[in-house]
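The values are calculated or read from the model by the stated rules, or taken from the named source; none is laboratory data. Only a predicted model underlies this, so the values are computations on that prediction, with no experimental measurement involved. With ideal geometry, Cβ positions are generated from the backbone for all residues, glycine too; neighbour counts draw on all protein chains shown. Protein only, heavy atoms only, side chains kept; ligands, DNA and RNA dropped before computing areas. Shrake-Rupley method; radii C 1.70, N 1.55, O 1.52, S 1.80 Å.
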Amino acid sequence: IGEQVLLKCSFKSTSPITENLMVDWTYRPLTGGQMETIFHYQSVPYPTTVGKFKGRISWLGNVAQGDASIAIQNPVTSDNGTFICSVKNPPDM
């Protein structure tokens, strides 16, 4: 509570990293419900502009090094849930 949380995500790709590489972070509350996209990256970071994580997500990744990590500022207990990192580097999925 109150400290920045690092959500690590690393990946390997058999294809060269290009501007087509996409990273999506999704979240589902511990109580269940809909998955929601909370962060998108394609050449530049696109943190969510709506919902409970608005203004609290920072991109810490470096796709050239296989890193797609993010950080959440000021976490609260209600942020508990499932966080999924998905990386697509066409044609490699």
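The share of Cα pairs per 10 Å bin across the chain, counted from zero up to the longest distance, runs 16, 50, 26, 7 percent. With a Förster radius of 30 Å applied to the C-beta separation of Gln4 and Val50, the computed FRET efficiency comes to 0.90. Computed on the stretch 4-88, with alpha-carbon pairs under 8 angstrom and 6+ residues apart, the relative contact order is 40 percent.
Between the listed residues Val5, Leu60, Cys85, the Cα displaced farthest toward the positive end of the dipole of the stretch 4-88, a dipole computed from Cβ unit charges relative to the Cα centre, is found at Val5.
Could you tell me what percent of the accessible area of the chain is made up of carbon and sulfur, with a 1.4 Å probe and every protein chain present?
Working: 3050 of 5710 Å².
With neighbouring chains kept in place, the figure for the chain is 53 percent.
For Ala71 and Asp92, calculate 0.36 nm times their separation in residues minus their Cα-Cα distance, and state this gained length in nm to one decimal.
Numbers: separation 21, 0.36 × 21 = 7.56 nm, distance 2.55 nm.
Fully extending the segment from Ala71 to Asp92 adds 5.0 nm.
The mean accessible area for residues of the chain, using a 1.4 Å probe and ignoring ligands and nucleic acids, is 61 Å² per residue. Packing, as the average of other Cβ atoms within 10 Å across residues, places the peptides 17-27, 77-87 in the order 17-27, 77-87, highest first.
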